[in-house]
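Down below is the structure, laid out as structure tokens.
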Amino acid sequence: MFDTLSERLSGIFNQLRGKGRLTDADIDATARQIRMALLEADVALPVVKTFIDQVKQRCRGAEVSKALNPAQQVIKIVNEELIAILGGESRRLSLAKNPPTVIMLAGLQGAGKTTLAGKLALWLKGQGHEPLLVAADLQRPNAVEQLRVLGERAGVEVYAPEAGSGVGDPIQVSRDSLAHATRHARDIVIIDTAGRLGIDQEMMAQAAAIRDVTNPDEVLFVIDAMIGQDAVTTAEAFRDGVGITGVVLSKLDGDARGGAALSVRHVTGQPIMFASTGEKLTDFDVFHPDRMASRILG
Ligand code: GDP
């Protein structure tokens, strides 16, 4: 991901090397090129606008530095603004004062929620927690089985409707899972909810109902970083329909242009908390805005 954007940016910075002091015209031309590169990478327009305004303003006001030449100075500013657009610092999970902490996962079908549930459970277990995975995606055939397999691999219990008891009610399952967690001393409950292929009122209503009965400490919106421009409408729909407290970017290992990753923080106003980078349970990490910015700048 970001290969094309990285190449474009380094080409732009190369043109500045060897220049003396940058004129306003140089700054405008550079800003225009960066703007094009971001738009081509599918970054949402309002995000591009905010970013470019900041970069231009800071380049104009930049002190002439003895330590940095103009190209280095622009790279430094672009780096800092990329970090800002990605959310600045990483944020830790908020844990409940009285366990269990409830983490609800929401997002479209195929976004990577079920996979993420397993990854998060393994990661939390490694930190000494006793998580419980809850199968509340009763829409997608196989989602319960998929979660059972992941739970087994992670060595984490999966709470699911009894096999053969019909489809089951995801709201009831979610509610009951909290009592189960308390009875079995599980301190973190991770609820995998159902998604649809597109934004759907019924899906949103179900997610909102699960939220209401479980009162989650975190509602993590899982988004496929490969989806490009659709990221903005999807993120807005989940922000408004369910209310989210954080974002997880999945499929960052893909070769998409990366616009979703760069837009979602600004659009939702919520921090990107984790990054999912493959199909294995260990392909997962806390999201670090500074590392992502360095990756983009190469
Ligand atoms: P859900 O419908 O939101 O629960 O999505 P799933 O967890 O079932 O994921 C959909 C597909 O994407 C599955 O084939 C996963 O193996 C795959 N997947 C999930 N996360 C990642 C990731 O970070 N990278 C890659 N390459 N594939 C992923």
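Couple of notes before you dig in:
- Under 5 Å, built H, 5+ apart or other chain: amide partners of Ala136: Asp192
- Database remark: amide H of Asp187 closer than 5 angstrom to the amide H of Glu130 (H placed geometrically; neighbours at sequence offset of 5 or more, or on other chains; Pro and chain starts carry no H).
- Between the beta carbons of Met36 and Ala62, assuming R0 = 30 Å, the FRET efficiency works out to 0.85 to the nearest 0.05.
- Among Ala237, Leu252, Ile52 - extreme Cα towards positive end, dipole of the chain, charges at beta-carbon: Ile52
- Of Ala256, Ala44, Ala25, the one that fluctuates the most in a GNM where the chain has Cα springs shorter than 10 Å: Ala25
- For the range 1-37, trypsin sites (Lys or Arg not before Pro) meeting the loop criterion (DSSP other than H, G, I, E, B) and having at most 14 other Cβ atoms within 10 Å: Arg17, Lys19, Arg21.
- Rounded to 0.05, the FRET efficiency of the Thr23 and Glu236 pair, given R0 = 41 Å and the Cβ-Cβ distance, is 0.55.
- For the range 254-269, the Karplus equation 6.51 cos²θ - 1.76 cosθ + 1.60, evaluated at θ = phi - 60°, returns couplings of x, 10, 6, 7, x, x, 4, 4, 7, 9, 5, 5, 5, 5, 8, x Hz by residue, with Gly and Pro reported as x.
- Mean separation of Cα contacts under 8 Å (6+ apart) over length of the range 67-191, as relative contact order %: 32 percent
- Calculated FRET value between Asn98 and Val286, using beta carbons and R₀ = 22 Å, to 0.05: 0.35
- In order along the range 42-50, phi translates into HN-Hα couplings of 6, 6, 5, 3, x, 5, 4, 4, 4 Hz, rounded to whole numbers, per the Karplus curve 6.51 cos²θ - 1.76 cosθ + 1.60 with θ = phi - 60° and x for Gly and Pro.
- Most tightly packed first, judged by the mean number of other beta-carbon atoms within 10 Å of their residues, the peptides 80-86, 263-269 read 263-269, 80-86.
- J(HN,Hα) series, the range 9-23, from Karplus relation 6.51 cos²θ - 1.76 cosθ + 1.60, nearest Hz, glycine and proline x: 5, 5, x, 5, 5, 4, 5, 8, 4, x, 6, x, 5, 7, 7
- Label-to-label distance, nm, for residues given as Asp255 and Ile52 (7 Å Cα→Cβ offset): 2.9 nm
- Entry note, the chain: relative contact order of 26 percent, from Cα contacts under 8 Å with a spacing of 6+ residues.
- Note on the chain: antiparallel DSSP beta bridges, both residues inside, total approximately 10 percent of the bridges counted.
- Which listed pairs, of Lys19/Lys56; Lys49/Lys76; Lys97/Lys251, have C-alpha distances above 27 Å, in listed order: Lys97/Lys251
- Built amide H within the under 5 Å cut-off of Ser250, gap 5+: Ile223, Asp224, Ala225, Ser276
- Among Lys97, Lys113, Lys251, the largest mean-square fluctuation in a Gaussian network model of the chain, built with springs joining Cα atoms closer than 10 Å, belongs to Lys97.
Coordinate-derived values only; no laboratory data. Everything numeric in this text was worked out from a predicted model, so none of it was measured. Cβ sites come from the backbone with ideal geometry, for glycine too, and all protein chains shown count toward neighbours.
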